[in-house]
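Asks: This is the structure I want to talk about, given as structure tokens.
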Amino acid sequence: MAEFDVIVIGGGPGGYVCAIRCAQLGLKTACVEGRETLGGTCLNVGCIPSKALLNATHHLHEVHENFEKMGLMGAKPKVDWAKMQDYKQDVVNGNTKGIEFLFKKNKITWLKGWGSIPAAGQVKVGEEIHSAKAIVVATGSEPSSLPGVTVDEEVVVTSTGALSLGKIPKSMVVIGAGVIGLEMGSVYARLGAEVTVVEYLDAITPGMDAEVAKSFQKLLAKQGLKFILGAAVQGTERTKTGAKVAYKLRKDDSAHEIAADVVLVATGRRPYTAGLGLEAAGVEMEPRGQVKIDGHFQTNVKGIYAIGDAVVGPMLAHKAEDEGMAVAEVIAGKHGHVNYDVIPGVIYTTPEVASVGKTEEQLKAEGRAYKVGKFPFMGNARAKAIFQAEGFVKMLADKETDRILGCHIIGPGAGDLIHEVCVAMEFGASAQDLALTCHAHPTYSEAVREAALACGDGAIHA
Ligand code: NAI
């Protein structure tokens, strides 16, 4: 039995970041992870492998759509799916090994196996029981199931199966127009599959600023994705060649079916806490299955903390990382804190979509007086040069104080551009503060500045 200051259960972005920060703060730290590699869902079967496939297929799309426009002539590349899968795996391996290196560097003990909490202050891994002054549950989430849908990870797949299909399907039905559905749907559409997205709501990407969501849907439709909105999926059935999806249109309750080689189920994720023994340990849970925590990430059982997808809040790797660092500081007696008002969200399609803060719909619902500064990438020379001038930046600021309340971007590099707005919001900046900041020309970031200018006396290039 080994004794630690902290044992973190789960080696994903929340858990491994927490372990590193704990070690940096001088705590004797262990991290329990049952997978062969560290990094959790995000690195192994989520954010990172999907980004590799998005990158490869984006280049393929560029070759087909834009190369000749730039005078780049000649034979077009064919897809070697096995090789693309190897590339994806190399990217994953490089990153998971990187975390292993960081663990060694920070003298963190990796307890290999699946952990459980037999009692407060104890973590069981295999047959061994280890003790710790603090335990951090960072066990993440798993795809949530849908009634009538049986996932086999070959024909009816979650994001995990979708990343490693045996071959490129000719057709794919995606259930759910959320982040996973649209990112993976984009990958296969670019690889030539006919992709149809079936979504329960009347708009894609629930929670996104409605104007951005509308534009986004139009751009994806132009890339060949088809959408069936307002459709409640009833179930799936395997066929000889693939599977069919039964759905009912909500407007008239009419029943329909659609068949495809592969069906991707992307209807959300749920906290993964099964087998931890939390209930036996007396840990209170939220009604929707998350671990209940207080403002310091501690559960009702002293010394047991929880972070990331296992607790309430957006299921995002960077939110988990921030909580991981903050809880480490709390455990070390410092003042860890996460500002939940400034957590960016990004969809890594082309164009990228990014947002932070309030949407216009939220501000309206709150009855806030606000102003909108919008700038189209059509007025941005860099965006035009790469054939991505169709999006826009939408800045929302308080009508009286000019303080930035939110920003929504659809366009090139949106996922990186959003962060200057995040920093501005952290500092309580006004739109004018951002507008008065010199931005290099020609960059995409000028569009952000122009949107800030549009909150005041007006954008220059619109
Ligand atoms: P999601 O919650 O983003 O979207 C699920 C969609 O499925 C919703 O639009 C919902 O209305 C729809 N839906 C639910 N039941 C349905 C039914 N019976 N018939 C038709 N449509 C139905 O969930 P998603 O895309 O599975 O992602 C899971 C989590 O992973 C999310 O929290 C997401 O933020 C996170 N994630 C984040 C990424 C990023 O930040 N780039 C990438 C991938 C995942």
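Asks: Could you rank LYS107, LYS240 by how accessible they are, 1.4 Å probe, largest area first?
Replies: Per-residue accessible area, sorted high to low, gives LYS240, LYS107.
Asks: Roughly what % of DSSP beta bridges within the chain run antiparallel, to the nearest 5?
Replies: The antiparallel fraction comes to roughly 60 percent.
Asks: Which net charge results when you count Lys and Arg as +1 and Asp and Glu as -1 among the other residues whose beta-carbon is under 9 Å from that of PHE392?
Replies: Neighbourhood net charge equals 0.
Asks: Further, regarding this structure: Which are the unpartnered cysteines of the chain, meaning those with no other cysteine Cβ under 4.7 Å from their Cβ?
Replies: If one checks each Cβ against the other cysteines of the chain, CYS18, CYS22, CYS31, CYS407, CYS422, CYS438, CYS455 turn up with nothing under 4.7 Å.
Asks: Show me 306-313, 43-50 ranked by packing, highest mean number of other Cβ atoms within 10 Å first.
Replies: Going by the mean number of other Cβ atoms within 10 Å, highest first, we get 306-313, 43-50.
Asks: Show the residues, 5+ positions off or on another chain, whose built amide H is closer than 5 Å to the amide H of ALA134.
Replies: Under 5 Å from the amide H of ALA134 lie the amide H atoms of VAL6, ILE7, each far enough along the sequence or on another chain.
Asks: Kirkwood-based Rg over Rh for the stretch 345-454 (C-alpha set), two decimals?
Replies: In the stretch 345-454, Rg relative to Rh is 0.96.
Asks: Let me ask something else about it. With the cut-off at 31 Å, tell me which of the pairs LYS214/LYS399; LYS51/LYS105; LYS88/LYS302; LYS51/LYS384 have Cα atoms farther apart than that.
Replies: LYS88/LYS302
Asks: Here is a further query. Given a 1.4 Å probe and every protein chain left where it sits, what share in percent of the accessible area of the stretch 270-329 is carbon and sulfur?
Replies: The C+S portion of the solvent-accessible surface of the stretch 270-329 is 50 percent.
Asks: Hey, can you rank 443-452, 416-425 by average C-beta count inside 10 Å, highest first?
Replies: Packing order, densest peptide first, comes out as 443-452, 416-425.
Asks: Using a 1.4 Å probe over the heavy atoms of the protein chains, calculate the carbon and sulfur portion of the accessible area of the stretch 169-264 as a whole percent.
Replies: Carbon and sulfur atoms account for 51 percent of the accessible area of the stretch 169-264.
Asks: How much net charge surrounds VAL91 when only other residues with a Cβ under 15 Å from its Cβ are counted (Lys, Arg +1; Asp, Glu -1)?
Replies: Charge balance near VAL91 sits at +2.
Asks: Show me the ranking of peptides 375-387, 90-102, 247-259 by mean Cβ neighbours inside 10 Å, starting with the highest.
Replies: With the highest mean Cβ count within 10 Å placed first, the list reads 375-387, 90-102, 247-259.
Asks: Determine the calculated [θ] at 222 nm for the chain from helices alone, applying -39500 (n - 2.57) to every DSSP H run no shorter than 4 residues and normalising by the residue count; nearest 500 deg cm²/dmol.
Replies: Taken over the chain, the calculation gives -9500 deg cm²/dmol.
Asks: When the chain is fully extended, how far beyond the present Cα-Cα distance does ASP294 get from GLU279, taking 0.36 nm per residue of separation?
Replies: Extra length from ASP294 to GLU279 when fully extended: 3.7 nm.
Asks: Another question, if that's okay. Considering only protein heavy atoms and a 1.4 Å probe, what is the carbon-and-sulfur percentage of the accessible area of the stretch 53-163?
Replies: Carbon and sulfur together cover 56 percent of it.
Asks: Need one number for the chain: average projected area of the convex hull over its C-alpha atoms, nm².
Replies: The Cα convex hull of the chain, projected and averaged over all directions, gives 24.4 nm².
Asks: Hey, can you find the accessible area per residue of the stretch 156-267 for me, probe 1.4 Å, expressed in square angstrom?
Replies: 43
Asks: A further question follows. Leaving out ligands and nucleic acids, note down the accessible area per residue over the stretch 345-454 with a 1.4 angstrom probe, in whole Å².
Replies: For the stretch 345-454, the solvent-accessible area averages 42 Å² per residue.
Asks: Hand me the trypsin sites (Lys or Arg not before Pro) from the stretch 253-314 located in a DSSP loop with no more than 11 other Cβ atoms within 10 Å, in residue order please.
Replies: Passing sites in the stretch 253-314 are ARG288, LYS302.
Asks: So how much accessible area does HIS296 have, in Å² to the nearest 10, using a 1.4 Å probe?
Replies: 110
Asks: Also, I was wondering about something else. How would the stretch 156-267 be classified by its alpha-carbon gyration tensor: rounded, prolate or oblate, with rounded meaning a/c under 1.5 and the a/b versus b/c comparison settling the rest?
Replies: Oblate, because a/c is 1.5 or more while a/b does not exceed b/c.
Asks: Can I ask one more? Solvent-accessible area of ARG35, probe 1.4 Å, all protein chains present, reported in Å² to the nearest ten, please.
Replies: 80
Asks: Another question, then. What net charge do the residues around SER141 carry, taking every other residue with its C-beta under 10 Å from that of SER141, with Lys and Arg at +1 and Asp and Glu at -1?
Replies: So the surrounding residues net to 0.
The values are calculated or read from the model by the stated rules, or taken from the named source; none is laboratory data. Please read all numbers here as calculations on a predicted model, not as lab measurements. Using ideal geometry, Cβ is built from the backbone for each residue, glycine included, and neighbour counts are taken over all protein chains shown. Ligands, DNA and RNA are stripped out before the accessible areas are found, and what is left, the full protein with its side chains, is counted by its heavy atoms. Shrake-Rupley method; radii C 1.70, N 1.55, O 1.52, S 1.80 Å.
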